[in-house]
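Q: Quick one: structure below, then a few questions.
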Amino acid sequence: MKFHLAINLERMDDRTDMAAVRDHTLDMVRLADQAGFECAWAAEHHALEMTIAPNPFQILTWWAGATEQIRLGCGVANAAYWHPINIAGEAAMLDLVSGGRLEFGLGSGAYQREFDRMKPGLDQKDSWQYMQEMLPVVRALWQGDVAHNGTYWQFPTATSCPKPVQPEVPFWVAARAPITFDYAVANDCNIMSWPLTMPFSEAEAYRERLDAAVAKAGNGGFRGRFAMMRHSAVYANEDDRQAALDAVRGVLGQFGNLMMKRGDVVNGFPDRVPLEELEGNVRVDPAMLEENLLFGSPDTVIEKLKGYKALGVDAFIYYASMGLPMEQQARSLRLFIDEVMPEFA
């Protein structure tokens with residue numbers, strides 16, 4: 001099982017200096033590169049300070065210039081916000097600049113608030129259709145001239161300039177619903193899943209959906225990779241433990257605002273939904289969070305990761321961003337590198 005890092009440029013309030021966030025984020029990616037993490041992931045979000053990521057390819061190109069080996073994944077670009085020729089060229093340019101380190105991830109977005117601003121009139125629940133139309137078009141553009149006359153995009157003969165330097169760029173799909181697992185398996189895509197705050201049984205359900213998709217496809221088996229992402233915090237003392245729990249509960253209050261369409265967003269900062277009103281994927285009981293997320297001492301985290309390895313997870317994505325103070329984020333990652341990763345070498 002390989003390890004990946006997902007990290008955002010993250011501000012929880014306007015007291016946090018943007019230059020400090022910039023420097024911290026790059027330091028974390030460099031640390032992961034030096035430690036042998038396989039991939040670093042950048043998201044796409046708009047008009048939100050908690051996830052400052054207006055263009056994942058720009059972020060990843062920045063990281064490429066400061067790293068040597070770590071692969072660079074857009075996790076994930078929202079297909080509905082892009083034109084196929086545009087995204088194909090942007091992604092291929094990253095592959096060229098980085099010497100062939102691109103991991104290309106597409107998804108369907110998360111927050112209706114973003115769609116109301118970036119793609120007015122589109123219901124987030126329908127955005128998967130954009131992803132399914134775009135993916136084969138990008139593949140075709142990377143091969144040469146192609147014309148497209150689809151439901152959402154139409155253009156005469158064109159190609160991607162530049163082309164990727166990799167003969168085959170790995171494609172990733174963010175999957176939770178069975179229909180997305182089916183699509184990923186049928187189209188030779190890797191799968192990235194995120195159980196949010198749900199228990200390990202949710203990860204087991206994703207494995208079952210993957211196995212069902214493979215059986216349904218009848219194409220000789222899943223040839224891609226299965227990645228699982230969790231909020232992660234490794235701690236060695238009670239102060240750091242409590243800080244991690246407080247931080248993730250705070251960020252879940254903001255996340256709940258966006259998912260439940262409750263509260264306002266002022267100057268990019270979402271109001272926090274009262275914790276007692278959160279439910280479902282964003283429940284915030286401290287004991288539940290500590291059990292379900294990749295939280296704990298190094299020994300506890302090792303035992304949790306063994307469960308994901310036994311489940312057939314090929315890559316575990318250490319999600320560092322959750323409102324935790326920057327110095328503690330770095331302390332947690334170093335503990336993970338020094339005391340957890342050697343068990344999986």
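Q: With a cut-off of at most 14 other beta carbons within 10 Å, and DSSP calling the residue loop, which GluC sites (Glu not before Pro) in segment 149-215 qualify? Please list them.
A: Values: sites: 168, 202, 204, 208; in loops: 168.
Listed in order of number, the matching sites are 168.
Q: With charges only on Cβ, +1 for K and R and -1 for D and E, what is the dipole size of the chain about its Cα centre, in debye, rounded to 20?
A: Values: 31 positive and 46 negative charges, 173 e Å.
Around 820 debye, computed over the chain.
Q: While we're looking at this one, here's another question. May I ask what percent, to the nearest 5, of DSSP beta bridges between residues of segment 2-344 are antiparallel? Could the numbers behind the result be given before it?
A: On the way: 7 of 40 bridges.
In segment 2-344, approximately 20 percent of DSSP beta bridges are antiparallel ones.
Q: Going by alpha carbons, how many degrees (0 to 90, nearest 10) lie between the helix axis of 128-143 and the longest principal axis of the chain?
A: Orientation of helix 128-143: about 60 degrees from the principal axis.
Q: Separation between the residue 300 and residue 154 pseudo-spin-labels, each 7 Å from Cα along Cα→Cβ, expressed in nm?
A: Result: 5.8 nm between the two label points.
Q: What FRET efficiency comes out for residue 19 versus residue 264 if R0 is 25 angstrom and r is the Cβ-Cβ distance? Round to the nearest 0.05. Walk me through the numbers before you get to the answer.
A: Values: r = 27 Å, r/R0 = 1.09.
Using R0 = 25 Å, I get an efficiency of 0.35.
Q: Additional query: How far, in degrees from 0 to 90, does helix 298-310 lean away from the longest principal axis of the Cα atoms of the chain, to the nearest 10?
A: The angle comes out at about 30 degrees.
Q: Given +1 on the Cβ of Lys and Arg, -1 on the Cβ of Asp and Glu, and no further charges, what dipole in debye does segment 118-178 carry about its Cα centre, rounded to the nearest 20? If you can, show how the numbers build up before the last one.
A: On the way: 5 positive and 5 negative charges, 27 e Å.
Dipole size: approximately 140 debye.
Q: Same structure again: Please list, in order along segment 113-119, the HN-Hα scalar couplings obtained from phi with the Karplus expression 6.51 cos²θ - 1.76 cosθ + 1.60 (θ = phi - 60°), rounded to whole Hz, x for Gly and Pro.
A: So the J values, rounded to whole Hz, are 4, 5, 4, 4, 9, 8, 9.
Q: Next question, about the same structure. Which of the GluC sites (Glu not before Pro) across segment 1-98 are loop residues per DSSP, with 13 or fewer other Cβ within 10 Å?
A: Values: sites: 10, 38, 44, 49, 68, 90; in loops: 10, 38, 44, 68.
Answer by residue number: 68.
Q: How many nm is it between the label spots at residue 314 and residue 237, if each spot is 7 Å from the Cα in line with the beta carbon?
A: 4.1
Q: Between (1) 74, 67, 48; (2) 61, 45, 40; (3) 91, 49, 44, which entry matches Cα extents along the principal axes in Å as derived from the coordinates of this structure?
A: It is the one labelled (2).
Q: Another question, then. So which GluC sites (Glu not before Pro) in segment 244-317 pass both tests, a DSSP loop state and at most 11 other Cβ atoms within 10 Å of the Cβ?
A: Working: sites: 276, 277, 279, 290, 291, 303; in loops: 279.
Those that pass, being in a loop and sparsely packed, are 279.
A short reminder: the numbers here are calculations on the coordinates, not readings from a lab. Every value quoted in this text rests on a predicted model; they were computed, and no experiment measured them. Neighbour counts run over all protein chains shown; Cβ positions are idealised from the backbone, glycine included.
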